[in-house]
Amino acid sequence: AQDVQEDLSHVLLSTEEVQATIAELAAKVDEDYAGKNPLIVAVLKGAIMVVADLTRAMSSHVDVDFMAVSSYGSGTKSSGVVRIVKDLDTDLTGRHVLIVEDIIDSGLTLSWLKANLESRNPASVEICTFLRKPDAMKVDIDVKYVGRDIPNEFVVGYGLDYAEKYRNLDCVGTLAPHVYS
Ligand code: PRP
Ligand code: MN
Ligand code: MG
């Protein structure tokens, strides 16, 4: 048992449910990308757990690269204006790119990122997200692979943080009120 788990008020996805969701995503991605040697683009930091487990659950060849992005302007994400903090090392020309994210909230980060990667002459760009909050989305994005749709609540664990903490939980849950006070 992990001590950080005591800070959860409700477990939304147990460890078993997390891994079952990953297995389902991996099977679909494997089938669609067989023989294509896709480039998996993981978005730091939230996607670290998803990319580690997803790629290990796959049997096809994949390449993996990382990007770090940050919102700027008002300091909130609402502008949808994004800055690249760490860019890819990989040339995307002719590549089948699969962006891997932990969660789509407003969708603004991914909407910007997908357009940015599409401008680099790839063969294709698709999105695989572990979680999605349909009620929080502010933009329409075509998302090919969704692990689970969840309610519009603040969740942590499995890469998702609250003030940089809780990423190392192997389940996903909501924080208990005592954590905020
Ligand atoms: C979180 C999450 C997604 C993004 C989703 O990242 O990991 O990348 O926000 O939000 P959106 O759909 O409203 O754009 P965050 O900016 O917290 O950085 P982190 O991954 O390093 O925690
Ligand atoms: Mn993120
Ligand atoms: Mg975060």
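What follows is calculated from the coordinates using simple rules that are stated; it is not laboratory data. Here the structure is a predicted model, which is why all the values come from computation and not from measurement. Heads up, the Cβs are rebuilt from the backbone with ideal geometry, glycines too, and the neighbour counts pull from every protein chain shown.
Here are some notes:
This table checks each residue for (1) part of a helix (DSSP H, G or I); (2) more than 15 Å from ligand 2 (Cβ to nearest atom).
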| site | (1), (2) |
| --- | --- |
| Ile127 | no, no |
| Leu131 | no, no |
| Asp135 | yes, yes |
| Asp142 | no, yes |
| Val156 | no, no |
| Asp170 | no, yes |
| Gly173 | no, yes |
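- Members of the range 1-24 that are assigned to a helix (DSSP H, G or I) and either closer than 26 Å to Asp87 by Cα or of a type in the set (Val, Ile, Thr) (or both): Val4, Thr15, Val18, Thr21, Ile22
- Under the condition of being surrounded by fewer than 15 Cβ atoms within 10 Å (Cβ to Cβ) and more than 15 Å from the chain's Cα centre (by Cα), the residues counted in the range 125-153 number 7.
- Of all residues in the range 45-65, exactly one satisfies the criterion of being under 14 Å from Leu169 (Cα atoms) and among the acidic types (Asp, Glu), namely Asp53.
- Exclusive hit being in contact (Cβ under 8 Å) with a residue 24 or more places away in the chain and either within 20 Å of Ser70 (Cα to Cα) or within 14 Å of ligand 3 (Cβ to nearest atom) (or both), set Val97, Val172, Val125, Val179: Val172
- The combined condition, being within 19 Å of Asp149 (Cα to Cα), surrounded by fewer than 19 Cβ atoms within 10 Å (Cβ to Cβ) and small (Gly, Ala, Ser), is fulfilled by Ser106.
- In summary, Leu113 fulfils each of the numbered conditions (1) closer than 16 Å to Ala42 by Cα; (2) within 14 Å of ligand 2 (Cβ to nearest atom); (3) loosely packed, with under 13 Cβ neighbours inside 10 Å with the single exception of condition (3).
- Scanning the range 96-125 for residues that are part of a strand (DSSP E or B) and hydrophobic (A, V, I, L, M, F, W, C) yields Val97, Leu98, Ile99, Val100, Ile103, Ile104, Val125.
- Picking from residues in the range 25-65 that are small (Gly, Ala, Ser) and either outside any helix (DSSP H, G or I) or within 20 Å of Pro122 (Cβ to Cβ) (or both), the one that is farthest from ligand 3 (Cβ to nearest atom) is Gly35.
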